[in-house]
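Each remark here refers to the structure printed beneath this line.
Readers should treat all values here as calculations from the given coordinates under stated rules, not as data from a laboratory. Note that the coordinates shown come from a computational prediction; the quantities given were computed from them, not determined experimentally. Because the Cβ atoms are built from the backbone with ideal geometry, glycine has one as well, and the counts that use them run over all protein chains shown.
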Amino acid sequence: MHPREGVLLLHGLARRAASLRPLDRAFRAHGYATLDLDYPSRRHGLEELVARITPEVAAFSTRVGRLHVVTHSMGGLLARGLVTRARPHNLGRVVMLAPPNGGSEVADALCGLRAYCWLFGPAGAQLVTRPDAATRALLGPVDYPLGVIAGDRSLDPLASGLWLRGANDGRVTVAATRVAGMAEHVTLHATHALMMRNPEVIRQTLAFIRDGRFAQAG
């Protein structure tokens, strides 16, 4: 009997694994094995976070057929770093929800403030639109099947009015979610903080992991 396909779930900055529980339940209901990792996203930079999750990911990858990855927000950058530093041998498809692939103007505006540093730590400072050379090297190229879901509904009029230009979800612009090498991109009417609970986001995520493409509207 072939092992089940697996899905690794990586949460965003200042969130916990519980934030991705709706997706976890959805994938389990469709027969996937899941690993919904928790990690101290506020305490470390991206490279240290990648190093921390690598052993658990490696162990999980040995128990499944293909290993797919689903991420929210900064978790997308962790996934890119994981592939660069410790690519799973059975890597499958990847879906990123609202990833700051091009950084966030919110981080640009606030990363010099003490309160921002306290709230979001070293990784928060790496979410700027012009990351340093080490961060760029960690993220590496996208050479795997990647689907990106962006949101265009903001619940933060301050961020959307002052810093974010164009369609955005209150934290990241639609344009900044894009990255060279991605296979597909879709924009849904969802907000950054809650998009992983959005039924259409979940439907589209399941579709890409299953089929390698997003579902038709309907």
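Computed from Cα positions, the angle between helix 199-211 and the longest principal axis of the chain comes to roughly 50 degrees. What shape does the range 1-76 have by the C-alpha gyration tensor, where a ≥ b ≥ c are the square roots of the eigenvalues, rounded means a/c under 1.5, and otherwise prolate means a/b greater than b/c and oblate the rest? Because a/c hits 1.5 or more and a/b fails to exceed b/c, the range 1-76 counts as oblate.
Toward the positive end of the charge dipole of the chain, with +1 on the Cβ of Lys and Arg and -1 on the Cβ of Asp and Glu, the farthest Cα among Met96, Gly112, Ala176 is that of Met96. Cα axis of helix 46-61 to longest principal axis of the chain: angle in degrees, 0 to 90, nearest 10? The helix 46-61 is inclined about 10 degrees to the chain. Along the positive direction of the dipole of the range 6-211 (beta-carbon charges: Lys, Arg +1; Asp, Glu -1; about the Cα centre), which of Met195, Gly76, Ala51 reaches farthest? Positive-most Cα among the choices belongs to Ala51.
Once both axes come from the Cα atoms, what is the angle between helix 114-125 and the longest principal axis of the chain, in degrees from 0 to 90, rounded to 10? Tilt of helix 114-125: around 40 degrees.
Using C-alpha pairs under 8 Å with a sequence gap of at least 6, the mean separation divided by the residue count of the range 51-209 gives a relative contact order of 24 percent.
In this structure, the amide hydrogen of Thr187, modeled 1.01 Å from its nitrogen in the peptide plane, lies closer than 5 angstrom to those of Ala150, counting only residues at least 5 positions away or on a different chain. Annotation for the range 159-216: chymotrypsin sites (Phe, Trp or Tyr not before Pro) lying in DSSP loop with at most 10 further Cβ atoms inside 10 Å of their Cβ do not exist.
Which value, in debye to the nearest 20, describes the size of the charge dipole of the range 6-211 about its Cα centre when Lys and Arg Cβ atoms bear +1, Asp and Glu Cβ atoms bear -1, and nothing else is charged? Let's see the in-between values first.
Working: 24 positive and 16 negative charges, 71 e Å.
I would put it at about 340 debye.
On full extension, the segment bounded by Arg87 and Leu194 gains 35.6 nm, given 0.36 nm per residue less the C-alpha separation.
Sort the range 127-218 into rounded, prolate or oblate with this rule: let a ≥ b ≥ c be the square roots of the eigenvalues of the Cα gyration tensor; rounded if a/c is under 1.5, and if a/c is not under 1.5, prolate when a/b is larger than b/c, oblate otherwise. Because a/c hits 1.5 or more and a/b fails to exceed b/c, the range 127-218 counts as oblate. When you filter the trypsin sites (Lys or Arg not before Pro) in the range 127-181 for DSSP loop state and at most 11 other Cβ atoms inside 10 Å of their Cβ, you are left with Arg165.
Computed from the Cβ-Cβ distance with R0 of 22 Å, the FRET efficiency linking Ala167 to Tyr116 stands at 0.40.
Each peptide among 74-85, 140-151 gets the average number of other Cβ atoms lying within 10 Å of its residues, and from highest to lowest they stand as 74-85, 140-151.
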